[in-house]
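Notes follow the structure.
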Amino acid sequence: MVKKHKTSKYCSVFQIELYLIIKALELIESKNISRRITICLSNTCIAEALKKTNSTNYLINQIFEKYYDLIETGFQIDFKSIDINNEFLKQTEESAKESALSHNRIDLDLIPISYVKKTIIDRNLQIWDNRWQTSDKGRTTKQFIESTFERRKMKKYFQPNYYLTQAISGHNNTREYLNRFYITDTNVCLTCSSKVDNLWHRMYECNKFEEQRTILEEEVKRESFVWPLPTKVFLNFKIINSFNNFCKYVFKN
Ligand SMILES: [Zn+2]
């Protein structure tokens, strides 16, 4: 006997398998085929979940309720973990495909909490990024990190420090920045005289840092990037250590 059930696309495999146990228990009750039944479980997560008698999961509680109802009326029901072979897996996959096309009625449409959480997190991340894109703050940082999504990708390897932060924030010891606060009399580079001493001058053209820039440029080319490197690529995981070394020299006190 084959029974087909359809779930919404939001349901997790865990939910679907629990739901099928409920349906199996209902079938045992309604058909009354045998008083002694073994339900085979191929998913060890389900077997473990069913051992937790204090579970707050709605579907697991339904299973317990139905299970004890049946036990009280004289059924003997055992759960057994089994390994399924490829042939069986193939058959069930084909059967599942058939079921998906057989009707449109959805039997189970519970949305797992993990899906709800992910939807809320994704939405909040989008709001955060919209704020980042539309804000007129952090203009220098935006040239290094174009979106909050990019920044999240960097979190495994990017540890801001005293030197890198001076570069990517624009708050640094360049004469242009110091001159804004009247700490220096002029914003002009002491080495290149006619050029304004700012972050971009130090990164791309200042004669004072030519040797360090050549080392950085060689590293950039070794990693198959081109020089001059676009600002947004300096924090790439292949380049960031070399850029950090460059910044250590350029922004040291
Ligand atoms: Zn200079």
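Every number here is computed from the coordinates shown, using simple stated rules; none is lab data. As the structure is a computational prediction, the values presented were derived from the model and not from experiment. With ideal geometry, Cβ positions are generated from the backbone for all residues, glycine too; neighbour counts draw on all protein chains shown.
See the values below:
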{"read-out": "Assigned charges on the beta-carbon of Lys, Arg, Asp, Glu; the range 13-111 dipole about Cα centre (debye)", "value": "180"}
{"read-out": "Helical mean residue ellipticity (222 nm; -39500 (n - 2.57) per DSSP H run of 4+; nearest 500) of the chain", "value": "-16500 deg cm²/dmol"}
{"read-out": "Distance histogram in 5 Å bins (all Cα pairs of the chain, percent per bin)", "value": "1, 5, 9, 11, 11, 8, 6, 5, 5, 6, 6, 6, 6, 6, 4, 3, 2, 1, 0, 0"}
{"read-out": "Amide proton proximity set for Y10, modelled H, under 5 Å, gap of 5+", "value": "none"}
{"read-out": "Efficiency of FRET between Y115 and K221 - r from beta-carbon atoms, R0 41 angstrom, step 0.05", "value": "0.35"}
{"read-out": "Residues listed by number, the range 211-234, amide nitrogen under 13 Å from T191 label point at 7 Å toward C-beta", "value": "211-216"}
{"read-out": "Cross-link pairs beyond the 25 Å C-alpha cut-off, checked among K23/K51; K137/K221; K66/K90", "value": "K137/K221; K66/K90"}
{"read-out": "Largest to smallest principal axis extent of the C-alpha atoms in the range 139-250, angstrom", "value": "41, 28, 19"}
{"read-out": "Whichever aspartates and glutamates have a C-alpha closer than 14 Å to that of K208, once near sequence neighbours (fewer than 8 apart) are set aside", "value": "D197"}
{"read-out": "Residue list for the range 34-54, given a label point 7 angstrom along the Cα-to-Cβ vector of Q91 and an amide N cut-off under 18 Å", "value": "38-43"}
{"read-out": "Lone cysteines, the chain (no partner Cβ under 4.7 Å)", "value": "C11, C40, C45, C206, C247"}
{"read-out": "Interchain or long-range residues, amide H under 5 Å from F79's placed H", "value": "I39"}
{"read-out": "Area projected by the alpha carbon convex hull of the range 13-111, averaged over all directions, nm²", "value": "7.3"}
